[in-house]
Every structure is written in C-alpha cells, then in structure tokens.
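The values are calculated or read from the model by the stated rules, or taken from the named source; none is laboratory data. Keep in mind it's a predicted model, so treat the numbers as computed, not measured. Methodologically, a virtual Cβ is constructed for each residue, glycine included, from the backbone with ideal geometry; neighbour enumeration extends over all protein chains shown.
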Amino acid sequence: MSDIKLTHIDDDGKARMVDVGEKPIQKRKALAEGYIKLQRTTIELIKANKIKKGDVLTVAEIAGIQAAKKTSELIPLCHNLLITKVSVNAMLNHYGVYVTSEVKCQGQTGVEMEALTGVSVALLTIYDMCKAVDTQMEIGEIKLLKKTKK
C-alpha cells in the first residue's frame with residue numbers, strides 16, 4: 001500500500017472538492033489532443049462538405065469550445081474557472097480527424113480538464129455528425145500533452 005494522499009478524498013475516504021483558496025493566482029495553460037478514425041468515404045464527404053448535418057469540422061470546434069467552458073458542470077469536483085481563451089482545432093487527414101484544444105486561464109487551479117473535455121466533445125460531435133454514413137468510427141488517443149503555470 002502506498003502513502004500517496006489523493007487530493008479529492010477526505011480523511012474519511014469520501015470524495016470532496018479541493019479548497020484552492022490559499023493557492024496563488026497564476027497564468028495557466030493546458031493542451032490536449034485526440035483522434036477519430038474514419039472510413040475513406042467519410043473523409044471524402046467531410047472534405048466536400050456533404051455530410052447532411054453540415055460543416056463537420058467547424059461544428060466540432062464550436063462544440064469543443066462550448067464544452068470546455070462548461071467542464072465544471074460536467075465533472076462533479078472541477079472548479080468553475082475564469083477561462084481567458086479556448087481554442088479547438090479539428091484537422092482532417094488521410095485516416096480521420098485530429099483534434100487539439102488549448103485552454104488558458106488566470107486562476108488557482110489548472111485547466112487540463114477543460115482542454116480534455118474540449119477534445120472529447122469535439123470528437124463526439126464528429127461521431128454524431130457522421131454516424132449515419134460511418135459505422136466503424138473509432139475515437140481514441142485522447143491525452144493531455146502539456147500543462148503550464150507561471
């Protein structure tokens with residue numbers, strides 16, 4: 001057994017929200033990425049903007065931005081943050097769509113959950129928009145690339 005103390009668990013083993021009130025306000029940034037594999041025909045439909053639900057990449061980017069801003073409403077123990085920037089980029093390639101999300105804030109806790117949520121929801125949006133034409137889509141490789149504070 002390890003002596004590692006989890007920050008979201010109290011002395012009785014119950015989940016709790018961490019008090020960050022004594023931490024200094026710092027500039028924080030996080031970058032996350034993820035990927036969705038698509039069939040070749042789906043990629044061609046996205047390129048030609050012929051998916052019936054609309055412009056897949058733009059809608060996914062907007063959905064990711066919205067999701068990042070609502071992370072504290074989705075993840076129970078996340079803090080509500082004053083986000084200063086969210087960017088979500090969905091880039092089509094030969095095998096599917098690569099999505100990145102960068103989130104910035106000035107606060108007392110990091111924005112990695114917001115960046116990961118932005119990527120996840122952007123990928124789910126692509127799935128939703130393409131599910132009528134592609135039953136073999138595969139979402140994966142979602143990860144945090146970097147987080148910084150100054």
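General remarks:
- Checked against (1) more than 16 Å from Met129 (Cβ to Cβ); (2) at pLDDT 95 or above; (3) of a type outside the set (A, V, I, L, M), Gln39 passes all but a single condition, namely (1).
- Boolean, Val121 is within 17 Å of Ala30 (Cβ to Cβ), touching a helix residue (DSSP H, G or I) at 6+ places or on another chain (Cβ under 9 Å) and modelled with pLDDT of 95 or more: yes
- Listed by first and then second residue, the pairs linking a residue in segment 32-60 that is in a helix (DSSP H, G or I) to a residue that is buried (at least 16 other Cβ atoms within 10 Å of the Cβ) and charged (D, E, K, R), with Cβ atoms under 8 Å apart and 6 or more places separating them unless they lie on different chains, are Thr41/Asp134; Thr42/Asp134.
- Pairs where the first residue, in segment 123-144, is without any contact (Cβ under 8 Å) to a residue 12 or more places away in the chain and more than 27 Å from Val111 (Cα to Cα) and the second is surrounded by 14 or more Cβ atoms within 10 Å (Cβ to Cβ) and not polar (S, T, N, Q), C-beta under 8 Å, 6+ apart: Lys131/Met137
- Restricting Asp10, Asp19 to those that are at pLDDT below 95, out of contact with any Lys or Arg (no Cβ under 6 Å at 6 or more places or on another chain) and of a type in the set (Asp, Glu) reduces the list to Asp19.
- Options Ser120, Ser101, Ser87: the member that is farther than 20 Å from Arg40 by Cα, without any contact (Cβ under 8 Å) to a residue 24 or more places away in the chain and either of a type in the set (Gly, Ala, Ser) or not in a strand (DSSP E or B) (or both): Ser87
- Residues that are closer than 11 Å to Gln39 by Cα and assigned to a strand (DSSP E or B) within segment 124-150 comprise just one, Glu138.
- In segment 16-65, of all residues being surrounded by 13 or more Cβ atoms within 10 Å (Cβ to Cβ) and of a type in the set (Ser, Thr, Tyr), the one that is nearest to Leu116 (Cα to Cα) corresponds to Tyr35.
- Selection within segment 75-89: residues that are modelled with pLDDT of 95 or more and over 12 Å from the mean Cα position of the chain (by Cα). The member of this set that is nearest to Leu31 (Cα to Cα) is Lys85.
- Each residue in segment 70-84 was checked for being surrounded by 14 or more Cβ atoms within 10 Å (Cβ to Cβ) and in contact (Cβ under 8 Å) with a residue 60 or more places away in the chain, and 1 pass.
- Test: Gly110 is crowded, with 17+ Cβ neighbours inside 10 Å and assigned to a loop (DSSP other than H, G, I, E, B): yes
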